[in-house]
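Right, one structure below, let's go through it.
The values are calculated or read from the model by the stated rules, or taken from the named source; none is laboratory data. Keep in mind that this is a model prediction, so the values were computed, not measured. All Cβ positions, glycine included, derive from the backbone under ideal geometry; neighbour counts span all protein chains shown. The protein model used for the area step is the full one, side chains on, heavy atoms only, and it has no ligands, DNA or RNA in it. Shrake-Rupley method; radii C 1.70, N 1.55, O 1.52, S 1.80 Å.
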Amino acid sequence: MEDPAFIRNPYGLLSDLRESAPVFYDPRMGRVVLTRHADISALLRDRRFGRSALHRYSRDELGWPPADPRQANFDAFNNNHMLDSEPPKHTRLRSLVQLAFTPRRVERLQGRIEDILGAQLAGLHGAGSFDLVERYAEPLPVTVIAELLGVPEEARGHLRPWSAAIVKLYEPGVSPRAQAEAEQAVLDFSALLRELAAQRRAQPQDDLITALVQAEEGGDRLTEQELIDTCILLLNAGHEASVNGLSAGVLALLRQPEHWQALVDAAPREDSLPLFRLAIEELLRYDTPLPMFERIALEETQLFGVSLQPGDRVTLLYASGNRDPRRFERPDELLLSRDPNPHLTFGLGIHYCLGAPLARLELALSLRALCRAMPDLRLQEAGAAAQYTGGFVIRGLARLDVQSG
């Protein structure tokens, strides 16, 4: 999965796998792989599998190698946050975070998001050629998360580099340098959040850190470390998916100009946001920004005739499931008004993405604002405009060269 040609366009191979080997064992990764929508959906709801197994077993019992001391802080963060926890810990953390991360708080951000987008696009006026990833897709999510959390403006420049360093460790075969950079990013981000949490306890503000500090259910509160790890998770999960979803979505639209033009024609209307929300769902299905997730067997079990032991890993190819013709009509076509659209991009079951409403709002507003401001947007070079980062667990564009005017 590190082949650049596969990263650029994995869908032909994924289609072959869905038909010839919908469930197979990959000896290189040492895990079972699922490729069909129905199988992935079923496993995401199957409580014989979880995001972690260390709440039930030791590493020795699972037959896992010892933890790598070079990424001890990353592992501590990863083992402590909500995404990689299982009940009852997951239930407790999610309940407390939901008290602060409410739909009402997200919807209140719409005006501020539109202001940020307007300033970004004003800065691009007359630019001609530019990298859409760096100049447009990246700044918004990190600014919104920073404002939502309450990170002061002078510290926000660190957030994107920290996030980029941390998420590299989710890819297979990471280098010692990547481990060191992720370790430092976790330490630096934790130090900032610890300082901000102390300030909010003394002087509460209207931000998510204050809300998380104050969140209480049945006398229970988040510990300081849980609060820190939750905030890091919100940045990483929300930021990476939004940046990659928008840039890949715009690339897909510009490669099929009739779809771009349809959105441009609709964008000036005040009632056009629902149309853009539908379009975003289809773009997230069509080119999935987080193509591959995994689950871990929590007990001895059988999966499609394969015997699994506790700790065995199962890879779920969301990108393949999102193009499965058994679930989607004309799956390889971009149909912006597709509804319903039961894509897998935000997951299913108890680990369904808590930040999905914010990501959807950001993406729909970003795309509409871009269509309004730059209706003549086009790729600089049809073959060379897009450069990918090289990862497949988190698949995104390193740059997307476009031009307007």
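Couple of notes before you dig in:
- Per-residue packing, averaged as other Cβ atoms within 10 Å, sorts the ranges 50-56, 62-68 into the order 50-56, 62-68, beginning with the highest.
- For the stretch 288-405, the fraction of alpha-carbon pairs lying more than 20 Å apart is 63 percent, rounded to a whole number.
- Loop chymotrypsin sites (Phe, Trp or Tyr not before Pro), the stretch 318-405, which have at most 12 other Cβ atoms in a 10 Å radius of their Cβ (DSSP): Y352
- Mean accessible surface per residue for the stretch 1-59, computed with a 1.4 Å probe while every protein chain stays in place, in Å²: 52
- Distance between the 7 Å Cα→Cβ label points at I350 and Q214: 3.0 nm.
- With N counted as the residues of the stretch 169-281, its alpha-carbon radius of gyration over 2.2 N^0.38 Å works out to 1.53.
- Probe 1.4 Å, accessible area per residue of the stretch 359-405, Å²: 35
- Each Cα pair under 8 Å and six or more residues apart adds its separation to the average, and for the chain the resulting relative contact order is 27 percent.
- 5 Å binning of all Cα-Cα separations within the stretch 1-97, expressed as whole percents from 0 upward: 2, 10, 13, 18, 17, 16, 14, 9, 1
- For the chain, calculated [θ]222 nm from helices alone, where every DSSP H run of n ≥ 4 adds -39500 (n - 2.57): -15000 deg cm²/dmol
- Within the shell defined by Cβ-Cβ distances under 13 Å, the residues around Q309 carry a net charge of 0, with Lys and Arg each +1 and Asp and Glu each -1.
- Calculated on the Cα set of the chain, radius of gyration then Dmax: 21.1, 62 Å.
- Candidates per trypsin sites (Lys or Arg not before Pro) in the stretch 277-324, loop by DSSP, up to 10 other Cβ within 10 Å: none
- From the alpha carbon centroid of the stretch 142-164 to that of the stretch 185-221 is 15 Å.
- Per residue accessible area of the stretch 119-256, 1.4 Å probe, in Å²: 40
- Carbon/sulfur fraction of accessible area - the chain, other protein chains in place, 1.4 Å, %: 52
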